[in-house]
Amino acid sequence: MIKLKTALKYIFLIIVSLISVFPLYWMAVSATHTSIEVIRGALLPGNYLFKNFANLLAASDVSGAMTNSFKYSIVMTVLALFICSLAGYGFEIYHDRAKDAIMSVLLLAMMVPFVAIMIPLFQTFSKWGLLNTTLGFLLPTISTPFLIMLFRQSARSFPHDILEAARLDGLNEFHIFLRIFIPTMKSTYASAAIITFMGAWNSYLWPKVIMTEKTSITMPMLVANLKEGYVTDYGILMLAVLLCSIPTVIIFFLLQKQFAEGITGAVK
């Protein structure tokens, strides 16, 4: 009876896994077919991949969009991790009621939809001359309440005895943060890096508003542009979606173990 239950569990998990993976498989297979074959629902790989790739390069600036996406996402990830971890560290290590009140305000800010502040942001950034700039892309989301809360929760498991020992050894607070806190919280940084990179890479609405020139286009914007017009080549579209998905998939698989540890608050 126990073996039967175990077998049924594995069968269920296999079926659910196949259902979850199927969209990715269909996307990859569709990139190797013509638009008509994609519409017909082809499920086996075709031989139109290189032709679709050539057509995609001819129709769009893929290299420019990929470069912009990598540039924005990497800079966003590095700056967001440093700023949010420093804020989370300060909120917890130097804890008091005033900081709790500020943190509550930050968490309440998460309830405000971005579209509610998008127009004022655009008007402000336009006056400041930040359209089509990396800084204009970064500023609205360079620090998020979620990441600050994530690092604050992780800092609660940080041993305070180490802080006292480091202070006795003559380290100042910023050196303690750089030399002790950051290396100790590697799993949290990994999970935050995945969340930030994927969010920046997949961001569409704000870049669409702030990036008004074709040279500033990102991969999600490129994919959206392929759907414009009266006729859509689904083979090219699926190839563009595949290229857009590969970096985030690689990042997640490389850091998935640290991601799980960071989310659960594990500290090594």
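All of the numbers you see were taken from the coordinates with simple rules; none came from a lab. As the structure is a prediction and not an experimental result, all values here were calculated from the model. Virtual Cβ from ideal backbone geometry, glycine too; neighbours counted across all protein chains shown.
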| note | Under the rule rounded for a/c under 1.5, else prolate if a/b exceeds b/c, else oblate, using alpha carbon gyration tensor axes a ≥ b ≥ c, the chain is classed as oblate
| How large is ³J(HN,Hα) for each residue in segment 162-171, as worked out from phi by the Karplus curve 6.51 cos²θ - 1.76 cosθ + 1.60 (θ = phi - 60°), to whole Hz, x for Gly and Pro? | 5, 4, 5, 5, 5, 5, 5, 7, x, 6
| message | Just to verify a number: FRET efficiency for residue 66 and residue 213, C-beta to C-beta distance, R0 = 22 Å, to 0.05? | response | 0.85
| request: With label points built 7 Å along Cα→Cβ from the Cα atoms of residue 228 and residue 11, find their separation and express it in nm. | output: 5.1 nm
| request: Using amide H atoms built 1.01 Å from N in the peptide plane, name the residues 5+ places from residue 32, or on other chains, whose amide H lies under 5 Å from its own. | output: 46
| note | Net charge near residue 179 (other residues with Cβ under 14 Å of its Cβ; Lys, Arg +1; Asp, Glu -1) is 0
| message | With a cap of 11 neighbouring Cβ atoms within 10 Å, and only residues DSSP puts in a loop, list the trypsin sites (Lys or Arg not before Pro) found in segment 178-242. | response | 227
| note | For segment 1-98, the dipole about the Cα centre with charges only on Cβ (Lys and Arg +1, Asp and Glu -1), to the nearest 20 debye, works out at 480 debye
| field | For segment 87-100, Karplus couplings with θ = phi - 60° (6.51, -1.76, 1.60), whole Hz, Gly/Pro x | value | 5, x, 4, x, 4, 8, 5, 10, 6, 7, 5, 5, 5, 4
| task | Would you kindly state how much longer the chain becomes between residue 105 and residue 26 on full extension, computed as 0.36 nm times their sequence separation minus their alpha carbon distance, in nm to one decimal? | result | 24.1 nm
| query | When only DSSP loop residues count, what GluC sites (Glu not before Pro) in segment 143-248 have their Cβ near at most 13 other Cβ atoms within 10 Å? | reply | 213, 228
| note | Of the listed pairs 51/257; 99/186; 227/257, those with alpha carbons more than 28 Å apart are 51/257; 227/257
| note | Between residue 133 and residue 95, the FRET efficiency computed from the C-beta separation at R0 = 35 Å comes out, to the nearest 0.05, as 0.40
| What is the ratio of the Cα radius of gyration of segment 30-161 to 2.2 N^0.38 Å, where N is its residue count, to two decimals? | 1.58
| request: Output ³J(HN,Hα) for segment 174-191: one whole-Hz value per residue in order, computed from phi by the Karplus curve 6.51 cos²θ - 1.76 cosθ + 1.60 with θ = phi - 60°, and x for Gly and Pro. | output: 5, 5, 4, 4, 6, 8, 10, 5, 4, x, 6, 9, 4, 5, 5, 5, 5, 5
| remark: Per the rule of 0.36 nm per residue minus the C-alpha distance, extending residue 204 to residue 123 adds in nm 27.3 nm
| query | What nm value, rounded to one decimal, do you get for the distance between residue 178 and residue 160 when each label is placed 7 Å out toward the C-beta? | reply | 2.6 nm
